Each structure stands twice: as structure tokens, then as C-alpha cells.
Amino acid sequence: MPHIVVKMIEGRTEEQKQKLTEELSKTLMAVLGNREESVSVAIEDVAADRWEPDVFEPEIKAKKATLYKKPGYASVD
């Protein structure tokens with residue numbers, strides 16, 4: 001039962017979010033073999049001025065051991 005959470009700077013359209021959800025779901029099903037009804041996707045919009053304290057520090061830097069793709073905009077080490 002994979003659940004994907006996408007946190008991103010606010011400003012994307014509902015159409016972009018829906019397309020992202022569809023593409024993530026398709027890829028997850030193709031790679032892991034899950035059925036569509038077992039996949040869920042959440043999108044959390046974050047204000048730009050809240051990215052570092054609310055996402056980068058607790059979700060990226062503090063959990064660097066679980067990252068499979070590190071950001072190129074800041075060091076997580």
C-alpha cells in the first residue's frame with residue numbers, strides 16, 4: 001500500500017498537481033507492481049519562506065539516510 005507525499009513550494013495549478021499524481025502513480029505501479037487501488041498520493045503546498053524550517057531541516061537534512069535523491073540547492077551533510 002504505497003503512499004507518496006509530495007511537498008513543494010506553493011503555486012502549481014490543480015492541473016499540474018493532477019498530472020503529477022497520475023504520472024507518479026503510473027511509475028509506481030510499473031516499477032513496484034502495485035494495483036491502482038493500492039496507491040495514494042498527497043500533495044502539500046508549502047510557502048517559500050517556510051521551506052527551510054518546515055521541510056528542508058526536518059524532512060530532508062534530518063532524514064538524509066533515507067534520501068534516494070538529494071537536492072542540489074543545499075548540502076544535507
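Miscellaneous remarks
- Note on the stretch 1-44: residues that are exposed (fewer than 11 other Cβ atoms within 10 Å of the Cβ), at pLDDT 95 or above and not charged (D, E, K, R) amount to 9.
- Selection count, the stretch 19-61, where residues are under 16 Å from the mean Cα position of the chain (by Cα) and outside any helix (DSSP H, G or I): 9
- The set of residues in the stretch 21-53 that are of a type in the set (Gly, Ala, Ser) and either without any contact (Cβ under 8 Å) to a residue 12 or more places away in the chain or touching a Pro at 6+ places or on another chain (Cβ under 8 Å) (or both) comprises Ala30, Gly33, Ser38, Ser40.
- Scanning the stretch 58-77 for residues that are surrounded by 12 or more Cβ atoms within 10 Å (Cβ to Cβ) and free of Cβ contacts under 8 Å to residues at least 12 places away in the same chain yields Leu67, Lys70.
The values are calculated or read from the model by the stated rules, or taken from the named source; none is laboratory data. Here the structure is a predicted model, which means the values were calculated and not measured. Using ideal geometry, Cβ is built from the backbone for each residue, glycine included, and neighbour counts are taken over all protein chains shown.
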